[in-house]
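Input: a single structure, listed below in structure tokens.
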Amino acid sequence: MGDFLYSDNEEDYYISDCDSADGLDNDDAEDDDNDLQWTSGASSTKVITRESLLVAQREDLRRVMEMLNLSEQHARTLLIYHRWDVEKVFAVFVEKGKDKLFGEAGVTAKSCKIKHAPAAMTCEVCMEDISKHKATTMDCGHCFCNNCWTEHFVVKINEGKSRRITCMAYKCTAICDEAIVRNLVSARDPDLAERFERFLLESYIEDNQRVKWCPSVPHCGNAIRVEDEKLCEVECTCGVQFCFSCSSEAHSPCSCLMWELWVKKCRDESETVNWITVNTKSCPKCYKSVEKNGGCNLVSCICGQSFCWLCGGATGREHTWTSIAGHSCGRFKEDQEKQAERAKRDLNRYMHYHNRYKAHTDSFKLESKLKETIQYQILMLESKESELKDFSWLTNGLNRLFRSRRVLSYSYPFAFYMFGEDLFGDEMTPVEREIKQNLFEDQQQQLEENVEKLSKALEEKYDGLEDDNLKQSRMQLINLSVITDRLCKSMYECIENDLLGSLKLATHNIAAYKSKGVERASELLVWATKGNNSISCLQTSSSISATGGTVEVGRSSSSSLNFESGCPSRKRAKREALGNALFDLNLPAEVIDKS
């Protein structure tokens, strides 16, 4: 392996083939070590808990209400129709106008209610005469009796259509007033009315393209909202890391389709079938698979049928060393030989990639135990009187090991499909496939060597070293961490640009590379100003500080360790302090406005 120069966010890091830091100046190394510090910037992904769901929903509602001068009900109808995409709502408003925007979503901009309704009327659904006090008129102007409206609402809610309940009138696409739905249904079935409220609230997650439930099992109750790129990998506060695009485990550099096929291949019996094809023959009578356990080519099935192992044809039971009674097979059958040979080759190829994928996955699980060891060593080093005061280079190295090991593990399923014929058989000629495979495997091999070196270096007992040896080990680990990250990023960019980026017949996208690993989402909280009850969102926090008339949820202090695998979330109480009153985030929106 040649010399490498690393200068991405760090100042000129150099390392030679021997992976030694002897040639580095201590002052320069100190500067580079400071550059390696991982700052905890604002996360672009947010965790929405059960307590903060209403606040997150109302933040988008407020933007639409203020921009278009609408009621909360009509703003919610617009956002549900446009899958809670506020920018899309504004874009449609600018391009098509207000009337078109409202008409497509079923919003009645102007009330068509009858000002002077008669004292009695006939319901056009049940054809019964009722008084005006037992009838309800929607914004669209259609009026029916309360019993018919209630039956209509109950049916729609039970059918799972409670988010967009349309008017009963023929060809009327107007959305019914959710306050009327709530009042009429609660009078008959309070539980169903509560279910209706929950559906409206959870529509922010179910219908939102930027929000998805955490796929943890058992479910942690959290959802994740991304602000920018939808093709990304995120980590919930419960510790689960997953692909936001397909909701499966984080699998880059595999595309979502590659990972789906790989999981299915590992789960089903496809390789068992391949083994059976290679090592067994079917009985010509009962068609059961038979495995030969001796050297003789005359095989007997448990059903009593004898057949030739060479060609699979039925025979008699009498035979000699040179012939079998009633049978002679000397003819070469090309199709059967090709089929068996291909199945054997496919099985060997799958086992090659699966064994290496499994080995690195197991290594990752074992290396996860290093977190506690590193944490203990840092505590011991901090308690000693040493010239070194900052030991974040240990946690930085461990995080880069986790990231590189994960990418290396999933690079084998990627290579299985990238250089096979299942997905990209028509994309490359055999010569092009061989060239690209050699280029990829060279980078994969270099990364694999350095990952193993980094893993070994992190297993060293640093708390027992003297200052001089500790400084030397520190420089070696810093250099090894940087070079491993550089190789990992280089292989990742090769996959993203040279391999997947050159495809013409198919599109396979992967999440962007991040040296820090999968981004940990921060919890979405609120701060409330006592004067106007305004609500906004903040970063993750666990402490509440009050200053004057404003109560602000402050950011929690960062711990000394920042591992990729995360930690369990700290669940918050459902009520936050607001002056001398209690602010319940689970209350309906109109109750909060009145408070």
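What follows is calculated from the coordinates using simple rules that are stated; it is not laboratory data. Note that the structure is a prediction, hence the values are computed from the model and not measured. Because the Cβ atoms are built from the backbone with ideal geometry, glycine has one as well, and the counts that use them run over all protein chains shown.
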| Residue-wise, which Karplus ³J(HN,Hα) couplings in Hz belong to segment 44-61, taking 6.51 cos²θ - 1.76 cosθ + 1.60, θ = phi - 60°, and x for glycine or proline? | 8, 10, 10, 8, 9, 8, 4, 7, 9, 4, 4, 5, 4, 5, 5, 5, 6, 4
| message | Starting from the Kirkwood Rh over alpha-carbon pairs, what translational D in µm² s⁻¹ does segment 99-219 have by Stokes-Einstein at 4 °C and 1.567 mPa s? | response | 81
| query | According to a simple spin-label model (label point 7 Å from Cα along Cα-to-Cβ), what is the distance in nm between residue 192 and residue 456? | reply | 7.0
| message | For a 20 Å ceiling on Cα separation, which of these pairs sit above it: 46/489; 264/504; 281/338; 358/436; 369/489; 265/358? | response | 46/489; 264/504; 358/436; 369/489
| request: Report P(r) for segment 340-460: all Cα-Cα distances, bin width 10 Å, range 0 to the bin holding the largest distance, values in whole percent. | output: 11, 33, 25, 16, 9, 4, 1
| task | Pop out the ³J(HN,Hα) list for segment 494-500 in order, Karplus 6.51 cos²θ - 1.76 cosθ + 1.60 with θ = phi - 60°, rounded to Hz; leave Gly and Pro as x. | result | 4, 5, 5, 9, 7, 9, 5
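Out of segment 166-252, which GluC sites (Glu not before Pro) are coil in DSSP terms and have no more than 16 other C-beta atoms within 10 Å? Present the calculation step by step, with values, prior to reporting the outcome.
On the way: sites: 178, 194, 197, 202, 206, 227, 229, 233, 235, 249; in loops: 227, 229.
In loop regions of segment 166-252 (DSSP not H, G, I, E or B), the sparsely surrounded GluC sites (Glu not before Pro) are 227, 229.
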| message | Please list, in order along segment 190-201, the HN-Hα scalar couplings obtained from phi with the Karplus expression 6.51 cos²θ - 1.76 cosθ + 1.60 (θ = phi - 60°), rounded to whole Hz, x for Gly and Pro. | response | x, 5, 5, 5, 5, 5, 4, 4, 5, 4, 5, 5
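Convert 25 °C to kelvin, take the viscosity as 0.890 mPa s, use the Kirkwood radius over C-alpha pairs of segment 141-272 as Rh, and evaluate the Stokes-Einstein diffusion coefficient in µm²/s, rounded to a whole number. Provide the component values of the computation, followed by the final result.
Working: Rh = 18.0 Å.
Rounded, D is 136 µm²/s.
Ranked from highest to lowest mean number of other Cβ atoms within 10 Å per residue, what is the order of the peptides 407-417, 254-264? Please report the intermediate quantities before stating the final value.
Numbers: 407-417: 23.5, 254-264: 19.0.
Output ranking for 407-417, 254-264: 407-417, 254-264.
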| said: Restricted to Cα positions, what overall size does segment 409-515 have along the principal axes? Three whole-Å values, descending. | reply: 60, 23, 17
